[in-house]
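For reference, the structure is listed below as structure tokens.
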Amino acid sequence: MSSLKGNYKKAIFSSSNGYLIGLFKVKETSEDLSEWVGQTITFTGYFPDLNEIDTYLLEGRVERHPKYGDQFAVNRFERIMPTENHAMIEILSSELFSGIGKKTAEKIVNVFHEDTFEVILHHPSDLICVPSITQKQIDILHQGLLSYQGSYEAILQLTNYGFSTKESMKIYHFYKEKAEQVLLEDIYQIYYDIEEISFQQVDRIALYHGVEKDDLKRVRAAIIYIMRELANVAGHTYFLQEEVTSFLERVLKISISKELGEEAFTSLMDEERLVERDNRWYLKEYYDAEIFIARRLRMMAHSEKLKEKKIDTYLEEIEKKNNITYNEEQKKAMKEAILQQVVVITGGPGTGKTTIIRGIIDLYQLFFPEQKEKIRENLVLLAPTGRASKRMNETTHFPASTIHRFLKWNKENNRFQVNEYHRSNAKFVIVDESSMIDTLLLCNLLKGLSSNCKIVFVGDADQLPSVGPGEVLKDMIQSEELEVIALKNLYRQGKDSHIITLAHDIKEGIIDKDIFDQGEDLQFIPCADAEVLTKMEEICKGYESHELQILAPMYKTQNGIDNINKHLQNLFNPKKGIKKEISSGEVVFREEDKVIQLSNMPDDFVFNGDIGYIQNIKTFGKKEMYVDFDSNLVKYTPAMFSSLSHAYAISIHKSQGSEFDVVIIPLVMAFRKMLYRKLIYTGITRSKKKLILIGNFKAFEMAVLNNQEQIRKTTLAYYLKNGII
């Protein structure tokens, strides 16, 4: 590893999490970098506050930047305490030590010379020997130097312990002066508290420093790790104890006695990391979230219903204005949305959910005319994803937002700025695609709204559940505690009527092969697995990439998303000399490529699942990609490339909240572990005008008949129905 010694000059870029790009004046180097002596170079890494007075030792490696040339990427650093008289005087008389002037600093150094800092830190009473120094100045010097030394020594200790500089920075910023105490008392505390640091990383370091494999603290941390992983994979909000302990041996690589396991669970409960109710074990954050949601929604459900006033007259006025006639089912949904504190409206495709949302907006403005001047502040439309909120805006002609954006999510600390301490002023909220909301997100939304804010949840309970733990829409409906209007009549007719009929057949587990022969909007093309890609390419030749969307259940296998994307990139956007390309791992991005965003970037108004097109790629100097998301042009640097993927084919899960004119879905037996009713139902309901299924009809039948998707273990419905005891 190479090293540099010298002085920090200034920052070029810095972030709130401690990442810094700066300039460094080099005084000494390791042999391999001797040509840098005397030069000012660019360095990068994670640091606490640096100053221009100190001398620093940096360890790392040289990296070539396409625009800025050679940079020194720092893996480890330390501050070198100066021993030269002039340097010590400069530090002691700086703004770091308020009230200590240059004359006092010179007197101190003249008495103690190279031992000055040692005396101030460890023998401050000896400073009384300095002529005319006061006790107040002694205290300022001692406390100031302790603080001055503390962060550097703590971070240095953490890096020496085995954490990276980035991890050390996060640990120090979280614990400050208590970081050493955490290392000594329970290093696994770091895993509990800091989301970005994994159990495996902490466990590796703990074992290296002598923690026994059957240490109670290690077993406890493994239990939390297992429950967090299972919650994210399976979507459960609680577990049975034996479920968790069955994974312990696999994680810890040793057998654990029943007594030790019991002790670990009990101590985690005593520390309020776990909650146990009727043999159900919860991570505390999920128990608290379910309880909060249940209490809030029960309170809202039991609120006094508003009087109808002229609501029927208003409905007639809206019908006349919009040239529409609502049936009794739709009228009931709209009335209850206005008169009740909380309402759930659920229904499949074609049942008029969008029509009802538009009607509720009109009815709200007539029912509460005093709010008209601030209607966009008082009435809020929300959806879980960017594409769903955009579609909501397009169909209602009213502003809509993602829930994360509405709550002002801070990506760096994973916190919401709109919360129980800083609530929104919204008076009426409509949430579309509610099946996609997980337990923690709903909890945070309710915390960010005032207790008298009305809420309407709209969604299709037969869609796939949320990616995160919980199944809140299903639980709200099954509790029978809230007002639920289930839309059953089909209203959307015309070219897509066969698609809607198919969707409702699938929901009921009905297989009608003849439906695929009844209209141009619906096709099933039977073929062998090896022919699926060829058939798909033949169909795609008749469309532009933006006119259709391929949805697939899996990423891998011959007919999976990854392989489809490679083939369709060559079809829709073949390599040409004038088009610039850029590689990211095994993926080659090309100008005009169709891409999907894989994570939330709220600062750029881009969210997980948004689809865009690469407008421009810069390959000379600093590599950059510019992606157009519906006229929102977003710049991507190399560090951000991994947040993009090709989108000629995407997963059915990623398609939730979106609609496409033409949808193609490959169905083969190789997908068998992902073939179940809710998945295929969700996929086909993404299509607005035309749906084409390609592959093995037996795979389609398997999906429709398989209604045994994993049931999520949650207790929100129970607490909604029975209250909290």
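Remarks
- Unique match (being at negative phi, open to solvent by less than 10 Å² (accessible area, probe 1.4 Å) and without any contact (Cβ under 8 Å) to a residue 60 or more places away in the chain) among 634, 663: 634
- First in the range 500-515 and farther than 14 Å from residue 687 by Cα and of a type in the set (Lys, Arg), second anywhere and open to solvent by 20 Å² or more (accessible area, probe 1.4 Å) and assigned to a loop (DSSP other than H, G, I, E, B), Cβ under 8 Å, 6 or more apart: 507/462
- Unmet criterion (only one of (1) open to solvent by less than 60 Å² (accessible area, probe 1.4 Å); (2) without any contact (Cβ under 8 Å) to a residue 40 or more places away in the chain) for residue 246: (1)
- Scanning the range 375-390 for residues that are out of contact with any Lys or Arg (no Cβ under 9 Å at 6 or more places or on another chain) and assigned to a helix (DSSP H, G or I), we see that the one that is farthest from residue 655 (Cα to Cα) is 375.
- Residues located in the range 94-125, provided they are in contact (Cβ under 8 Å) with a residue 40 or more places away in the chain and polar (S, T, N, Q): 94, 98
- Residues satisfying the stated conditions in the range 178-219, i.e. over 15 Å from residue 160 (Cα atoms) and of a type in the set (Asp, Glu): 185, 186, 193, 195, 196, 203, 212, 214, 215
- Considered as a group, the residues in the range 153-165 that are part of a helix (DSSP H, G or I) and either open to solvent by less than 20 Å² (accessible area, probe 1.4 Å) or within 21 Å of residue 200 (Cβ to Cβ) (or both) include one that is modelled with the lowest pLDDT, and that residue is 165.
- Matching option when the condition is among the hydroxyl-bearing types (Ser, Thr, Tyr), more than 26 Å from the chain's Cα centre (by Cα) and either closer than 29 Å to residue 413 by Cα or open to solvent by less than 30 Å² (accessible area, probe 1.4 Å) (or both), among 198, 255, 267: 267
- Residue within the range 178-189 that is closer than 30 Å to residue 437 by Cα and buried (at least 18 other Cβ atoms within 10 Å of the Cβ) present: yes
- Residue in the range 450-459 that is open to solvent by 50 Å² or more (accessible area, probe 1.4 Å), under 23 Å from residue 423 (Cβ atoms) and of a type outside the set (D, E, K, R) present: yes
- Of the residues making up the range 521-558, those that are acidic (Asp, Glu), open to solvent by 60 Å² or more (accessible area, probe 1.4 Å) and in contact (Cβ under 8 Å) with a residue 12 or more places away in the chain number 2.
- In the range 591-640, the qualifying residues are those that are among the β-branched types (Val, Ile, Thr) and within 22 Å of residue 659 (Cα to Cα), and the one that is modelled with the lowest pLDDT is 606.
- Scan the range 41-56 for residues that are of a type outside the set (A, V, I, L, M, F, W, C), touching a strand residue (DSSP E or B) at 6+ places or on another chain (Cβ under 9 Å) and farther than 11 Å from residue 72 by Cα and the total you get is 6.
- Selection count where residues are assigned to a helix (DSSP H, G or I), open to solvent by 30 Å² or more (accessible area, probe 1.4 Å) and modelled with pLDDT of 80 or more, scope the range 133-152: 7
- When the range 282-329 is filtered for residues that are over 26 Å from residue 235 (Cβ atoms), under 39 Å from the mean Cα position of the chain (by Cα) and aliphatic (A, V, I, L, M), the ones remaining, listed by number, are 299, 306.
- Verdict on residue 642 being among the polar types (S, T, N, Q), surrounded by fewer than 18 Cβ atoms within 10 Å (Cβ to Cβ), under 29 Å from residue 686 (Cα atoms) and free of Cβ contacts under 8 Å to residues at least 12 places away in the same chain: no
- Of 493, 463, all but one fail to be at pLDDT below 95, open to solvent by less than 50 Å² (accessible area, probe 1.4 Å), farther than 15 Å from residue 294 by Cα and out of contact with any strand residue (DSSP E or B) (no Cβ under 8 Å at 6 or more places or on another chain); the exception is 463.
- Given (1) surrounded by fewer than 14 Cβ atoms within 10 Å (Cβ to Cβ); (2) within 28 Å of residue 153 (Cβ to Cβ), number of the condition residue 60 does not satisfy: (1)
- Scan of the range 365-386 for residues that are under 26 Å from residue 404 (Cα atoms) and open to solvent by less than 60 Å² (accessible area, probe 1.4 Å), ordered by number: 365, 371, 375, 378, 379, 380, 381, 382, 383, 384, 385, 386
- From the options 272, 308, 319, 304, residue that is farther than 30 Å from residue 364 by Cβ and either modelled with pLDDT under 95 or among the acidic types (Asp, Glu) (or both): 272
- Residue among 485, 437 that alone is open to solvent by less than 20 Å² (accessible area, probe 1.4 Å), closer than 26 Å to residue 508 by Cβ and in contact with a Pro (Cβ under 8 Å, 6 or more places away or on another chain): 437
- Boolean, residue 226 is more than 30 Å from residue 713 (Cβ to Cβ), at pLDDT 90 or above, open to solvent by less than 40 Å² (accessible area, probe 1.4 Å) and of a type outside the set (S, T, N, Q): no
- Counting only strands (runs of 3 or more DSSP E) that sit completely within the range 566-631, those holding 2 or more residues that are buried (at least 18 other Cβ atoms within 10 Å of the Cβ) and of a type outside the set (Gly, Ala, Ser) correspond to 587-590, 594-597, 611-618, 624-629.
- Positions within the range 560-585 being in contact with a Pro (Cβ under 8 Å, 6 or more places away or on another chain) and at pLDDT 95 or above, in sequence order: 564
- Of all residues in the range 270-289, those being in contact with a helix residue (DSSP H, G or I) (Cβ under 9 Å, 6 or more places away or on another chain) and open to solvent by 60 Å² or more (accessible area, probe 1.4 Å) number 6.
- Inclusion of residue 664 among residues that are in contact with a helix residue (DSSP H, G or I) (Cβ under 9 Å, 6 or more places away or on another chain) and closer than 25 Å to residue 541 by Cβ is warranted.
- Listed conditions (1) open to solvent by 10 Å² or more (accessible area, probe 1.4 Å); (2) of a type in the set (Phe, Trp, Tyr); (3) closer than 14 Å to residue 463 by Cα are all met by residue 681, apart from (1).
- Which listed residue, of 7, 51, is open to solvent by less than 70 Å² (accessible area, probe 1.4 Å), touching a Ser or Thr at 6+ places or on another chain (Cβ under 7 Å) and not aliphatic (A, V, I, L, M): 7
The values are calculated or read from the model by the stated rules, or taken from the named source; none is laboratory data. This is a predicted model, so every value here is computed, not measured. Every residue, glycine as well, gets a Cβ built from its backbone with ideal geometry; the counts of neighbours run over all protein chains shown. Surface areas here come from the heavy atoms of the whole protein model, side chains and all, with no ligands, DNA or RNA. Shrake-Rupley method; radii C 1.70, N 1.55, O 1.52, S 1.80 Å.
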